[in-house]
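Contents: one structure, followed by commentary.
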Amino acid sequence: MQIESLRVFCHLAETKSFTKTARINGVTQSAISQQISSLERKFQSTLVERSKRRFALTREGQALYDGSKQIMQAYDSMRHRLQEIKDIVTGSIRIVTIYSIGLHELPTYLKEFLKKRPTVNVSVEYRRASHVYEEVVGNVADIGLVAYPQNDQRLETVPLRNDLLVIICHPKHPLAGRQKLSLKALHGMKFIGFEPDIPTRRAIDHILRDRAITVNHVMEFDNIETVKRAVEIDAGVSIVPRNTVAQECAKKTIAQLRIEDADFYRPLAAIYKRGKVLSPAMREFIDLLRA
């Protein structure tokens, strides 16, 4: 029995999905099924309930997972320690990020990191915020990048930076040309918002609700790029992180205004699974993001 078979079983137990486990390990679902069957023959036990629609470990499967997780943590810790002694930074990093960070924050850091560590394989996938948490907890991804990080006992959270929120509108909108604007001026206006489950949307709703301001949500989207496109065709105004509209403001396809009432910020953070043994490459990348 190879130790990688135990790693595959841990991935399956955490993701509860043969499809995701196959994707993590770069093999087919059939190959994963064969490895699980091999473990069941080895231990003469049924490890996974196959008759139920929802994934479930048997009692023997749970016991094997608990033991395998300890073995994998000890093995990874030893392997990473040997890399540190030899001053080797290699391996892979699986990153999952919300769209706005992945498109506007991450590229600069990736370029700097890969220039210094070209032997590290970094993969990046874009997800809605809720899916970022799911994939980090399920060990589908090593590091997640989110805004307005949630308190979750299953995760470690590394604060990064804060994005200033600004009002944006079309360059020919009546509000354009001002440097600052009170939020009260938005009352009753056509508003381009994020979908209700997006953390930035919830934060903006809270800001407006506290000031008894009601806007007319004419469009709602799940990512910053579509919000900006709607503002560019003068469908309404919006509130977004300033860093995400730098290019559009430079090209003068969007006008931005500082919020006069106060400075409001969107906090960004990196997350990883609590108890996860970080490789030297992962630690170095997180340190770069934090710096």
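The values are calculated or read from the model by the stated rules, or taken from the named source; none is laboratory data. Every value quoted in this text rests on a predicted model; they were computed, and no experiment measured them. FYI the Cβ positions are ideal-geometry reconstructions off the backbone, even for glycines, and counts take in every protein chain you see.
The figures follow:
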item	result
Residue among GLU49, GLU14 that alone is acidic (Asp, Glu), at pLDDT below 90 and touching a strand residue (DSSP E or B) at 6+ places or on another chain (Cβ under 8 Å)	GLU49
Residue within the stretch 179-193 that is under 18 Å from the mean Cα position of the chain (by Cα) and crowded, with 18+ Cβ neighbours inside 10 Å present	no
Subset of the stretch 49-80 (residues that are under 27 Å from the mean Cα position of the chain (by Cα), within 23 Å of ILE3 (Cβ to Cβ) and among the charged types (D, E, K, R))	ASP66, LYS69, ASP76, ARG79
Test for PRO149: is it part of a loop (DSSP other than H, G, I, E, B), closer than 19 Å to ALA203 by Cα and touching a residue at least 60 places away in the same chain (Cβ under 8 Å)	yes
Tabulated pairs, the stretch 50-73, first under 10 Å from ALA13 (Cβ atoms), second surrounded by 17 or more Cβ atoms within 10 Å (Cβ to Cβ) and of a type in the set (Ser, Thr, Tyr), C-beta under 8 angstrom, 6+ apart or interchain	PHE55/SER17; LEU57/TYR65
Boolean, ASP287 is surrounded by fewer than 16 Cβ atoms within 10 Å (Cβ to Cβ) and touching a Leu at 6+ places or on another chain (Cβ under 6 Å)	no
Matching entry among MET78, MET72 (being surrounded by fewer than 17 Cβ atoms within 10 Å (Cβ to Cβ) and modelled with pLDDT under 90)	MET78
Close pairs (7 angstrom Cβ cut-off, 6 or more residues apart or separate chains): more than 30 Å from GLN150 (Cα to Cα) in the stretch 77-98, modelled with pLDDT under 95 and of a type in the set (Gly, Ala, Ser) anywhere	VAL89/ALA281; THR90/ALA281
Conditions (1) in a helix (DSSP H, G or I); (2) crowded, with 18+ Cβ neighbours inside 10 Å; (3) within 11 Å of the chain's Cα centre (by Cα); number of the one not met by GLU134	(2)
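The rows are residues; the columns are (1) on the phi < 0 side of the Ramachandran plot; (2) free of Cβ contacts under 8 Å to residues at least 24 places away in the same chain; (3) more than 20 Å from the chain's Cα centre (by Cα); (4) not in a strand (DSSP E or B).
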site: ILE101; (1), (2), (3), (4): yes, no, no, yes
site: LYS111; (1), (2), (3), (4): yes, yes, no, yes
site: LEU114; (1), (2), (3), (4): yes, yes, no, yes
site: GLU125; (1), (2), (3), (4): yes, no, no, no
site: ALA141; (1), (2), (3), (4): yes, no, no, yes
site: ASP163; (1), (2), (3), (4): yes, no, no, no
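A quick yes/no check of all residues on (1) at pLDDT 95 or above; (2) assigned by TED's automatic domain parsing to the domain that holds ALA262:
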{"site": "ALA147", "(1), (2)": "yes, no"}
{"site": "HIS170", "(1), (2)": "yes, yes"}
{"site": "LEU183", "(1), (2)": "yes, yes"}
{"site": "ASN216", "(1), (2)": "yes, yes"}
{"site": "ASN243", "(1), (2)": "no, yes"}
